[in-house]
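Visitor: Just passing along the structure, written as structure tokens.
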Amino acid sequence: MKSFDADLAAEILKEVASTFCLLEFQFTETYRYTDRDIPLYYGGEKYEPIGFSLGNFVSAANMSIDKMTIDIDNVDLTFSALLLGEDVRNKIVIQSFGCLDANNKIIAVAEFFRGILSDWEITEDKARITIVNEFVLWRKETLRICQSSCPWGFTETECGYAGAETWCDQSYERCLALSNTDNFGGFRFLPSISEKEIWWGRTRA
């Protein structure tokens, strides 16, 4: 569920207030844009004018993957250069909403959506980007499993042992004998907690 600052909501209701959106792309460099036709300064940073519109926004109250699409003007190929110039997937994108007074002075700003760039599509005159929240990373599978023994091959790069010994059984005790525990890749205390009850809170249930 989204909540907004009370001051922002009050200003939106005033007739003199006009609304605007801000976009911040945290790529190798940070790029900031606004949908107003003039530059805006917020938080000590300049937001350059560019045409864009917010597309579908999917959100749920449970711990699901929220998603937003944004269509950005690309007639001058500005966004083609940004999207094709580096690997932008999984980079942070922040979309904020705010309002101005009659003198184009920023009254209030609230962050509406923060996520990572999941996908993009370029057409002749626009770039469509898709932003999702961090829950999408739950789909990733771990590259290592929890085990008490060391997963590294003896004398391989991760192991790093360069002594005269010729064998290792991947145990912490053997790694200690070889004076190589800085490179031990296992979880040495895992067996001691494998049968213990895990509980949360200040008192046991």
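Visitor: Work out the FRET efficiency for Thr142 and Thr28 from their Cβ-Cβ distance, taking R0 = 30 Å, and round it to the nearest 0.05.
Guide: The pair Thr142/Thr28 has a calculated efficiency of 0.65.
Visitor: Please provide three numbers in whole Å: the alpha-carbon extents of the stretch 142-191 along the principal axes, with the largest listed first.
Guide: Principal axes ranked by extent give 32, 21, 16 Å for the Cα atoms.
Visitor: Where the eigenvalues come from the Cα gyration tensor of the stretch 88-205, what are the semi-axes √(5λ) of the equivalent ellipsoid, largest first, in whole Å?
Guide: So the equivalent ellipsoid measures 50, 24, 14 Å along its semi-axes.
Visitor: Spin-label point model (7 Å from Cα, Cβ direction): what's the Asp101 to Arg89 distance in nm?
Guide: 4.7 nm
Visitor: Compute from the Cα atoms of the stretch 28-166 the Rg and the Dmax, the latter being the longest Cα-Cα distance, and quote both in angstrom.
Guide: Rg, Dmax (Cα atoms, Å): 21.9, 79.
Visitor: Using a Förster radius of 30 Å, what is the FRET efficiency between Ser171 and Arg202 based on their Cβ-Cβ separation? Nearest 0.05, please.
Guide: The formula returns an efficiency of 0.25 here.
Read the figures in this text as sums done on the coordinates, not as results from a lab. These figures come from a predicted structure and were not determined experimentally. With ideal geometry, Cβ positions are generated from the backbone for all residues, glycine too; neighbour counts draw on all protein chains shown.
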